[in-house]
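**Student:** To start, I am sharing the structure in question, which I have written as C-alpha cells.
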C-alpha cells in the first residue's frame, strides 16, 4: 500500500516520500522501546526464575531430588496442594455467588459489598493472619471453645485454609463481575421465558457464558493460594512436617543455610505455578475460535 | 388468547413507568405498542411476559387472573430487542432450548425435538443454519432465529420488544412481512413494541399509542391517522 502511494507520487513528479502509519513511531524509538521492554522482562522475570532453577541444581539433580524426597518436604508439598484444593472450590463458589448477586440484582449496599470483596487486596496478609489468630486463637472465646472440643483452628490446617481463602477471595469474583456486567441479563431472561427454572438457567446459560473468566480467575486463585506466605506464616505456627506449607518451608530452609533444599522447594513451587500458566495457555489456544466467537457476539 | 390489562401501575424507584394502564387485546390480534422511549411500552410488555410485576392492577389471560403467574408458567414467546440468543449454543440448540427445559413428563422425544426444530427452521426460511453459532449470523437471521426459538415452546402469545430495531431498512421491510405471515399462520395473539410509527401503522391490526406511562389512544391505524385523539398523537403519528 505504501509502495503504491510512493509510486503514484513518483509518477506525478513529486518528490518520493515514505509515509508512516499515524499510530507508528519512528524506527529508533521502536527499537529503544522494544529493548527496554525485553530488558525489563529479563531482569524482573527471566533472571530470577533462572536463578531459582540454577541454585536448585547447583549440586546436581540427585541432591535436588533427594532434598524434595525427605519427609518434611513431602509433607509441605502435600499440605500446599491440599490447602489449594480446598480454597479453590470455596472461592470459586463464593466468587460466582457474589458476582451473580452484584451483576444480576439491584439492591441497597451494593457498593459496600464490592468494597468488601476487594478488602483482601488492600489489607496486608499479615494483618489478616493476626485477625484470624485473635478471633480463633486458644485465648479467644470462640477459639477456646473449639480447642476444648478438639478442633483447633490456629496452628492447624483449618487456620491455614482460612487464611488462604481470605487472601485469595477476590480473584474469582473480580474476574467474573466485568464479564457478567457486559453480558447483561437478557440471555437469562430469555431462558426463563422459555420455561427453564432458575437452577437450569444457571447451569445451561450463566455458567457456560462465564466459563473462561471463571477458569482464569480459578488459575490466578490457584497460583496465589499455593504461594501465600504472610497470612499463613502467622496462623500456621510453622510446625515442620505438620503446618509448614511450601513457601514457609522455603523460608525455614533458607534461614538454616540449606540453600539446595530451599531452592529445590522454590523450583518445585515455581514449576507448579508454571503448570497452571501452561494449562491456561493451552486451553486458550485450543478454544481460540470459540473464545473469539464469544467476544464477537 | 384474549388478554385483559386492568389498571396496571408500575414504578422504578421514585419514577413512575406506568400510571394505571388498561387495555383489552382480542384473541389472535396483532397489536403494536407505539411510543417514544420512556413511554412505558417495554415495561408493559415485560409485565405481560412475567419479567416484571406490577405494583397494582391485574392481568387476565382468557378471563383468568394471571397477575402473579411466574414467567415460566405464562408460556409467552418473548423476542428480545438484542435477540438474546444463547451465544455458546448452535442455532439448533437455541431453538430446542425451551423443549428440553420442559419437565421430564412433558418433554418430547429427541427425534421429535429434532423434527420440530427442523420445521421451525423451514418456517423462518433458514433451513440450513442449524449448526451455526449466533455470532456467525447476520442481524436479520438472528432475529428470525429468536422468533423460531420463541415459537418452539408453543407459546400462548407472542411478545416482541423492538423486533426490527437493530436492522437496516431493507431487511426490516422483509422481516415485517415475515412476522405478518407467521402471525397469520399461527393465529397467536401478538404484541410488539416499537418507536417507529410507520412500522406500527403498516403491520398492526390495532395500535396503542403511549406516552409518559399512559395510553394516549387505541385504534386501528387508519382511525388513528384520521382522528388523532390528543395533541401528542397528532404530533407523534403525523411527524
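All of the numbers you see were taken from the coordinates with simple rules; none came from a lab. Keep in mind that what you see is a predicted model, and the values were worked out from it rather than measured. Methodologically, a virtual Cβ is constructed for each residue, glycine included, from the backbone with ideal geometry; neighbour enumeration extends over all protein chains shown.
**Student:** Please give the Cα centre distance for the range B:143-174 versus the range A:257-288, rounded to the nearest Å.
**Tutor:** Using only Cα atoms to place each centre, the spacing works out to 50 Å.
**Student:** Taking just the C-alpha trace of chain A, give me its Rg and Dmax in Å.
**Tutor:** Just the Cα atoms of chain A yield Rg and Dmax of 25.8, 96 Å.
**Student:** Return the inverse of the average 1/r over all pairs of distinct C-alpha atoms in the range A:165-229, which is the Kirkwood hydrodynamic radius, in Å to one decimal. Could the numbers behind the result be given before it?
**Tutor:** Numbers: mean 1/r = 0.0770 Å⁻¹.
So the Kirkwood estimate lands at 13.0 Å.
**Student:** Moving on to the next point. Taking the beta-carbon count within 10 Å as an exposure proxy, list B:22, B:15 from fewest neighbours to most.
**Tutor:** In increasing order of surrounding Cβ atoms, one gets B:15, B:22.
**Student:** Order these by the 10 Å Cβ neighbour count, fewest first: A:203, A:212. Walk me through the intermediate numbers first.
**Tutor:** Values: A:203 11, A:212 19.
The most exposed by this proxy come first: A:203, A:212.
**Student:** Under the rule of -39500 (n - 2.57) per DSSP H run of 4 or more residues, summed and divided by the residues of chain B, what mean residue ellipticity at 222 nm is obtained, to the nearest 500 deg cm²/dmol?
**Tutor:** -11000 deg cm²/dmol
**Student:** Stokes-Einstein diffusion coefficient for the protein assembly as shown at 4 °C in a medium of 1.567 mPa s, Rh from the Kirkwood formula over Cα pairs: what value in µm²/s?
**Tutor:** Rounded, D is 46 µm²/s.
**Student:** Let me ask another. Distance between the C-alpha centers of the range A:158-227 and the range B:196-230? Whole Å please.
**Tutor:** Each part's Cα centre sits 45 Å from the other's.
**Student:** With the Cα gyration tensor of the range B:1-157 in hand, give its eigenvalues times 5 under a square root as the equivalent ellipsoid semi-axes, listed largest first in whole angstrom.
**Tutor:** Values: eigenvalues 193, 67, 37 Å².
Ellipsoid half-lengths, sorted descending, are 31, 18, 14 Å.
**Student:** Moving on. Return the distance in nm (one decimal) between the two label points of a simple spin-label model at residue A:112 and residue B:235, each offset 7 Å from Cα along Cα→Cβ.
**Tutor:** 4.4 nm
**Student:** Once you keep just the Cα pairs under 8 angstrom separated by 6 or more residues, what percentage relative contact order results for the range A:61-290?
**Tutor:** 31 percent
**Student:** For a quick check, take a GNM of chain A with Cα springs below 10 Å and name the residue from A:232, A:167, A:201 with the largest mean-square fluctuation.
**Tutor:** It is A:201.
**Student:** Counting other beta carbons within 10 Å of each residue's own, what order do A:207, A:90 fall into, fewest first?
**Tutor:** Least to most surrounded, the residues fall as A:207, A:90.
**Student:** What order, most packed first, do the peptides A:30-43, A:94-107 have when packing is the mean number of other Cβ atoms within 10 Å of each residue?
**Tutor:** A:94-107, A:30-43
**Student:** Using only atoms on other chains, find how many Cβ atoms lie within 10 Å of each Cβ of peptide B:85-92 and report the average.
**Tutor:** Across B:85-92, the average partner-chain Cβ count within 10 Å equals 5.
**Student:** Counting only helical runs of four or more DSSP H residues, what would the 222 nm mean residue ellipticity of chain A come to if each run contributes -39,500 (n - 2.57) and the total is spread over all its residues?
**Tutor:** -24000 deg cm²/dmol
**Student:** Here's another thing I want to ask about it. Comparing B:206, B:51, B:175, which has the greatest mean-square fluctuation in the GNM of chain B with Cα pairs linked when under 10 Å apart?
**Tutor:** Among B:206, B:51, B:175, the largest mean-square fluctuation in the Gaussian network model of chain B belongs to B:51.
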